[in-house]
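Comments concern the structure below.
The values are calculated or read from the model by the stated rules, or taken from the named source; none is laboratory data. Please read these numbers as outputs of a predicted model, since none were measured by experiment. Counting neighbours? That spans all protein chains shown, and the Cβs are built from the backbone with ideal geometry, glycine included. Accessible surface is based on the protein model in full, side chains and every heavy atom, while ligands, DNA and RNA are left aside. Shrake-Rupley method; radii C 1.70, N 1.55, O 1.52, S 1.80 Å.
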Amino acid sequence: MEKVDLVVRIGGESGEGIIVAGEILTLACARASFEVYTYRAYPAEVRGGHSMFQMRAANAPIFSAGDLVDILVALNQEAYDRHYSTLKKGGVLVYDPESVKPHDREDLILYPCPLKDLALNQVQAIQTKNIVTVGVLAELFSIPQDKLEEVIQERFGSKGSQILEKDLLALKVGMEYARQNIPKRENLKLGGTEGETRIVISGNAAIALGAVYAGCRFFAGYPITPATDILEILMKEMPRVGGVSIQVEDEISALAMAIGASFAGKKAMTATSGPGLSLMSELIGFASMAEIPVVIVDVQRGGPATGLPTKTEQSDLFHAVFGSHGDCPRVVIAPTNVEDCFYQTIKGFNLAERTQLPVIILSDQSLSHRYETISVPDFDSIKVEDRLIVSPEEVAQGYQRYRITENGLMPMGIPGKPGAYIARGLEHDGEGTPSYDPGIHQVMTEKRFRKLNLAQNDNDVTLRWGNQESEVGIISWGSTEGAVREATNQLKARGEEPDVLYIKLLSPLPRKQIEDFLKNKKKVIVPEVNYSGQLSHLLRAYFLFDPIPLNLAGGRPFAGYEILKKIEEVL
Amino acid sequence: MVRTALDYKGKLKPTWCPGCGDFGVLTALFNAFARLDLDPNNIAIVSGIGCSSRLPGFASTYGVHSLHGRALPIGQGVKLANPEVEVVVVGGDGDAFAIGGGHFPHAARRNIDLTYIVMNNRIYGLTKGQVAPTSDVNFRTVSSPYGNFEEPINPVAFAISVGATFAARGFSGKVDQLTDLIVAAITHRGFAFLEVISPCVTFNKVHTYKYFQEKVTPLPAEYQPDDRTKAIEMAQVMQDVIYTGIFYRQEKLTYHDWISKIMEGVRPVTPKELVLSQK
């Protein structure tokens, strides 16, 4: 099969429906059996400011949204000015001549299209300009019309037949215009193939559905970019699986409710971004102290304070690992891609139930709204764990909820069943009675920390690839995986592949796997999308070596070539 | 099996000062549980931080002794997750109206079926006598050495104004009436708020038992608790008379009623089907 790998970028004014157009294209391509990978940037405001959507579609696995673009759609001059330099040589510029004046460039193929005029006069609905644009692209690059119509029907079907008809007409108008007026080129073609069933999902949806699959039946949240759609999805779907979702007054209430629900016997979650995680800090300590399992998703964005609400960053690692006062054991995990968001969320629930500790899942904005094609999960192989629950016999024999045990665990009593106890934020003895005795505090702290050992020994807490013999290594976490894979794939082709370790369990750090990795390493690069080098600090502190940090203050993910450049420097 | 108040008594002895108003609340609460013959394993008492928030530890039921100000959202989480459990949230005036004040209106307007008992002593007792959100103007404390100049919150009036479907006031010096009020609050379907005047005998030398005993008066026999405006007016009488009893009561769909209706209307789906539907 001929190799197809196209990068399309659409830029324009926020509020013009650019994201919608991009999502329709993406879903249609995915249903036509392409691997898709998206990236979007938009201002925090609903309308006004610059908005951009990028989709990469290929018929082979892809790990990033691509650095340079094949097709740029510029809906206004700003979009052209910002993005024309990312166009590949020989790339295509689609633009509305009424609002964009391109340079005279011979290395580009220029396709002027009166997008606004078509929407206004032929569809008679200016707001369908985005769909007219989709139509033009569909005709130019042979994106299957039936798949596009299917997606548009699903998307706008609920908005009434008039809106749906206008949008379907807009698609046809765009296609017809391109057919009549633009000479067809044979390069840059997607076409369609029929293949196996795929799942197309965003990182946030993967987290929401991973939670449901793991048995989460209570969710509380407060709207916050870029985590809001987890709340929206679970508000809609939770009643369908017999659970409860609630939008509450603030993030403190959200975590408090989740903790209450878990105390009452339900697997429970909340989802937020950095500002919300800051507000939750005290309650993270409470869940740790009272030993109540709970899952907290932090879809990271640029910080501190309100920071960059719509832009990506990996700068909440310190807060996730250390935030909350006192000696406060907790589990922190981080998915590395959209598909992994599904599996790490299930993992998060398993670890929460297993350790009776709070679990923080660190996703980020770049994963949250990115659509990727993922394989249908092998459901039979997914393990779902449940907490230890006290039996009536154990209660009859004298149950102590917080009795000190070898692994630190005691079964939980569940309200409604025998096993009544008081969950407490005050230091307490085995029975849960408050105690300020320094000796009790010592052994109870040890007990709570011992439970972390239960999280460390799974095989899936790290991901390793590359040449294990190499003395150059990369250790990283989270969404940098795509860019690192792009870089190491290129080096592999040249026979210079380094060794790569992704740490998915960030608290407690998987000591054995990291020590194994470091055995033969002379240089270890640690790329992270944060300014301060947070994983670098942790590695230096726990493993006593000097990593080579590669940091980006954030706002955008790494590009593959940036990682490549750094490895080449070090090699 | 008919239970008695002793069935709800925990192993721990209350740590309150001798004479503390909270003893009366604890007694009335156990009396109410016994009168309703509730299974101790089916009760969750949820509290925040403060002297009164120690209460769950003195009972044999399930309990959460949580963080300062967070009793209400934790209690709501318990009830939403496990609606069969009888949830009683308890705490002081600081927990309810200062640090946890942001949660109160939302718990009330959601009408989640739980009981919230606030023990109001008009002072911070656990931290040894600072001014509270319910303290009177000009009240001198260690943290208001020139006298308090912030208007006090009136708990019952506040609860009614933000949508509580049950609002009552009792006095810890009148345990029988308080027992009746707790029974009424627990049996009310929806968010039931009960303020209990519960004197601090150690740090509040102004609002003493004697002070309240002279003022506390049951609402007039002819009073009907169905008029919001009238209820707020009566709740605000504070000078020579302080009324006790049920100020306001309204039948309304609870949060759980809404959820049940939604669940009946949606098409059920298995988690696996939900994953496979993403395309």
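The single condition among (1) at pLDDT 95 or above; (2) open to solvent by less than 10 Å² (accessible area, probe 1.4 Å); (3) over 18 Å from B:Q76 (Cβ atoms); (4) not hydroxyl-bearing (S, T, Y) that A:V241 does not meet is (2). Just one of (1) facing chain A (nearest Cβ under 8 Å); (2) of a type outside the set (D, E); (3) open to solvent by less than 20 Å² (accessible area, probe 1.4 Å); (4) in contact with a Lys or Arg (Cβ under 8 Å, 6 or more places away or on another chain) fails for B:A34. It is (1).
Could you say which residue among A:N453, A:N457 is out of contact with any His (no Cβ under 6 Å at 6 or more places or on another chain), under 29 Å from A:D298 (Cβ atoms) and modelled with pLDDT under 95?
Numbers: A:N453 fails: modelled with pLDDT under 95.
Exactly one of A:N453, A:N457 is out of contact with any His (no Cβ under 6 Å at 6 or more places or on another chain), under 29 Å from A:D298 (Cβ atoms) and modelled with pLDDT under 95, namely A:N457.
Scanning the stretch A:15-37 for residues that are more than 14 Å from chain B (Cβ to nearest Cβ) and either among the hydrophobic types (A, V, I, L, M, F, W, C) or in a helix (DSSP H, G or I) (or both) yields A:I18, A:I19, A:V20, A:A21, A:G22, A:L25. Only one of the numbered conditions (1) open to solvent by 20 Å² or more (accessible area, probe 1.4 Å); (2) within 30 Å of A:E313 (Cβ to Cβ) is not met by A:R387, and that is (2). Residues that are assigned to a helix (DSSP H, G or I), more than 8 Å from chain A (Cβ to nearest Cβ) and among the small types (G, A, S) within the stretch B:55-72 comprise just one, B:A71.
On inspection, A:K311 passes the criterion of being under 20 Å from the mean Cα position of the chain (by Cα), more than 9 Å from every other protein chain (Cβ to nearest Cβ), within 23 Å of A:Q344 (Cα to Cα) and among the charged types (D, E, K, R). Scan the stretch A:216-239 for residues that are facing chain B (nearest Cβ under 8 Å) and closer than 25 Å to A:R354 by Cα and the total you get is 3.
Does A:P508 satisfy the criteria of being out of contact with any Gly (no Cβ under 6 Å at 6 or more places or on another chain), over 25 Å from A:P358 (Cα atoms), in contact (Cβ under 8 Å) with a residue 12 or more places away in the chain and outside the structural domain of A:T312 (by TED's automatic domain parsing)?
Values: out of contact with any Gly (no Cβ under 6 Å at 6 or more places or on another chain): yes; over 25 Å from A:P358 (Cα atoms): no; in contact (Cβ under 8 Å) with a residue 12 or more places away in the chain: yes; outside the structural domain of A:T312 (by TED's automatic domain parsing): yes.
No.
Counting only strands (runs of 3 or more DSSP E) that sit completely within the stretch A:38-136, those holding 1 or more residues that are without any contact (Cβ under 8 Å) to a residue 40 or more places away in the chain and among the charged types (D, E, K, R) correspond to A:87-95. Residue count for the stretch B:143-185 under the criterion of being more than 30 Å from B:T4 (Cα to Cα) and open to solvent by 50 Å² or more (accessible area, probe 1.4 Å): the result is 9.
Return the residues of the stretch A:252-288 that are within 20 Å of the chain's Cα centre (by Cα) and buried (at least 24 other Cβ atoms within 10 Å of the Cβ); say none if nothing qualifies. If the condition is that a residue be within 20 Å of the chain's Cα centre (by Cα) and buried (at least 24 other Cβ atoms within 10 Å of the Cβ), then A:A268, A:M269, A:T270, A:A271, A:T272, A:S273, A:G274, A:G276, A:L277 are the ones that fit.
In the stretch A:518-531, which residues are part of a strand (DSSP E or B) and either open to solvent by 10 Å² or more (accessible area, probe 1.4 Å) or at pLDDT below 95 (or both)? Lay out the reasoning, then the answer.
Within the stretch A:518-531, the first condition is being part of a strand (DSSP E or B), and the residues that meet it are A:523-528.
Passing the criteria: only A:K523.
Restricting attention to the stretch B:70-112 and to residues that are surrounded by fewer than 24 Cβ atoms within 10 Å (Cβ to Cβ) and of a type in the set (K, R), the residue that is farthest from A:A256 (Cα to Cα) turns out to be B:R109. If you go through the stretch B:113-142 and keep only what is surrounded by fewer than 24 Cβ atoms within 10 Å (Cβ to Cβ) and within 14 Å of chain A (Cβ to nearest Cβ), you end up with B:D113, B:L126. If you check A:L351, A:L308 for being in contact (Cβ under 8 Å) with a residue 60 or more places away in the chain and farther than 30 Å from A:S51 by Cα, only one passes: A:L351.
Restricting attention to the stretch B:73-103, and to residues there that are closer than 22 Å to B:C200 by Cβ and part of a helix (DSSP H, G or I), which single residue is nearest to the other protein chains (Cβ to nearest Cβ)? Selected residue: B:I99. Selection over the stretch A:241-282 of residues that are in a helix (DSSP H, G or I), free of Cβ contacts under 8 Å to residues at least 40 places away in the same chain and not acidic (D, E) gives a count of 10.
Inside the stretch A:497-536, residues that are under 14 Å from A:W477 (Cα atoms) and hydroxyl-bearing (S, T, Y) make up a count of 3.
Considering only residues that are acidic (D, E) and at pLDDT below 80, which ones fall in the stretch A:25-76? Please lay out each step first, then the result.
Step one: filter the stretch A:25-76 for residues acidic (D, E), giving A:35, A:45, A:67, A:70.
Matches in the stretch A:25-76: A:E45, A:D67.
Of all residues in the stretch A:77-107, exactly one satisfies the criterion of being in contact with a helix residue (DSSP H, G or I) (Cβ under 9 Å, 6 or more places away or on another chain), of a type in the set (D, E, K, R) and modelled with pLDDT under 90, namely A:R105.
Those residues that are open to solvent by 10 Å² or more (accessible area, probe 1.4 Å) and more than 21 Å from A:A208 (Cα to Cα), I need them from the stretch A:289-312; list them, please. Matches in the stretch A:289-312: A:M289, A:G303, A:P304, A:A305, A:T306, A:G307, A:L308.
Remark: A:Q534 falls outside the filter, which requires a residue to be outside the structural domain of A:H319 (by TED's automatic domain parsing), in contact with a Leu (Cβ under 8 Å, 6 or more places away or on another chain) and surrounded by fewer than 22 Cβ atoms within 10 Å (Cβ to Cβ).
Residue-wise test of (1) more than 16 Å from the chain's Cα centre (by Cα); (2) modelled with pLDDT of 95 or more.
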position	(1), (2)
B:V183	no, yes
B:T208	yes, yes
B:Q213	yes, yes
B:Y223	yes, yes
B:R228	yes, yes
B:Q239	yes, no
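Quick one: would you say A:P335 is surrounded by fewer than 24 Cβ atoms within 10 Å (Cβ to Cβ) and more than 14 Å from chain B (Cβ to nearest Cβ)? For A:P335, the condition - surrounded by fewer than 24 Cβ atoms within 10 Å (Cβ to Cβ) and more than 14 Å from chain B (Cβ to nearest Cβ) - is not met. Looking across the stretch A:487-505, not a single residue is closer than 30 Å to A:V359 by Cβ and among the small types (G, A, S).
Find the residue count for the stretch B:227-275, including only residues that are part of a helix (DSSP H, G or I), within 7 Å of chain A (Cβ to nearest Cβ) and open to solvent by less than 80 Å² (accessible area, probe 1.4 Å). Break it down into steps so the answer makes sense when it comes.
As a first pass, look at the stretch B:227-275 and keep what is part of a helix (DSSP H, G or I): B:228-235, B:255-265, B:271-275.
From what is left, the residues that are within 7 Å of chain A (Cβ to nearest Cβ) are B:259, B:262-263, B:271-272, B:274-275.
Next, from what is left, pick out any that are open to solvent by less than 80 Å² (accessible area, probe 1.4 Å): B:259, B:263, B:271, B:274-275.
Counting residues in the stretch B:227-275 that are part of a helix (DSSP H, G or I), within 7 Å of chain A (Cβ to nearest Cβ) and open to solvent by less than 80 Å² (accessible area, probe 1.4 Å) gives 5.
Is it true that A:E486 is modelled with pLDDT under 95 and not polar (S, T, N, Q)? Yes, satisfied.
Please enumerate the residues belonging to the stretch A:70-109 that are of a type in the set (V, I, T) and exposed (fewer than 14 other Cβ atoms within 10 Å of the Cβ).
Answer for the stretch A:70-109, where residues must be of a type in the set (V, I, T) and exposed (fewer than 14 other Cβ atoms within 10 Å of the Cβ): there is none.
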